[in-house]
Amino acid sequence: MSNKVILFNKPFGVLSQFTDKGTEGSTRPTLSGFIDAPGFYPAGRLDRDSEGLMVLTDHGPLQARISNPKYKLKKTYLVQVEGEPDDTALTALRNGVALKDGTTRPAMAQITAPPDDLWPRDPPVRFRKSVPDAWLQLTISEGRNRQIRRMTAHVGLPTLRLIRVQIGDWNLNQLRPGAWRYAASTGA
């Protein structure tokens, strides 16, 4: 077996699968509109309203290692939040947040500057003059449904924009939205 990896920068609004299994006649964009490489499957997911790095592989065991929480593969996100993070919120994220489906594993959480090379999002993030926003860098080692959004909301910082920039040793680097490239399979 070839054991190849594709790194893809998933744009906002794109489903992290090759077909839309939604309502009949649905025309939501999928991976098939961007990646024409037969035999590759996503290793994990990103919500439709999240952006950034996805790893696809043609190797089932590698796919399982990347996506299965038991391997605790770290995933790093840049998160634009509504509000101003304080020490209490950051400490809660670092210690683990009690969600309805259990307490999250501790996260690495820090305030960061807005990304230098951030691409515009369509539609743009809502902007309110009366409400400040900030950027966080969060690294987690699990992948529950909408986990980052639920964690930031729990500490009073609703997520406005979510961009995954790293999975294990694989980085988004300068990969632009909708673009993909082959990578070494040793990132997990």
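The values are calculated or read from the model by the stated rules, or taken from the named source; none is laboratory data. From a predicted model like this one, the values you see are computed outputs, not experimental measurements. Here Cβ is always computed from backbone atoms with ideal geometry, including for glycine, and neighbour counts include all displayed protein chains.
Some values worked out for this structure:
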quantity: Asn173 vs. criteria in a loop (DSSP other than H, G, I, E, B), polar (S, T, N, Q) and on the phi > 0 side of the Ramachandran plot; calculated: yes
quantity: Inter-residue pairs, beta-carbon under 9 Å, first in contact (Cβ under 8 Å) with a residue 12 or more places away in the chain and assigned by TED's automatic domain parsing to the domain that holds Leu136 and in region 78-94, second surrounded by 14 or more Cβ atoms within 10 Å (Cβ to Cβ) and among the acidic types (Asp, Glu), 6+ apart; calculated: Gln80/Asp133; Val81/Asp133; Glu82/Asp133; Gly83/Asp133; Glu84/Asp133
quantity: Qualifying residue in region 176-183 (condition: charged (D, E, K, R) and more than 30 Å from Phe34 (Cβ to Cβ)); calculated: no
quantity: Every residue from region 65-108 that is within 15 Å of the chain's Cα centre (by Cα) and of a type in the set (Val, Ile, Thr); calculated: Ile66, Thr76, Val79, Val81
quantity: Subset tally (residues that are farther than 14 Å from Leu162 by Cα and either touching a strand residue (DSSP E or B) at 6+ places or on another chain (Cβ under 7 Å) or modelled with pLDDT of 85 or more (or both)) for region 116-142; calculated: 6
quantity: Filter pass, Gly44 being in contact with a helix residue (DSSP H, G or I) (Cβ under 6 Å, 6 or more places away or on another chain), at pLDDT below 95 and either of a type outside the set (Ser, Thr, Tyr) or in a loop (DSSP other than H, G, I, E, B) (or both); calculated: yes
quantity: Meets criteria (of a type in the set (S, T, N, Q), farther than 30 Å from Pro132 by Cβ, part of a helix (DSSP H, G or I) and not assigned by TED's automatic domain parsing to the domain that holds Leu136) for Ser16; calculated: no
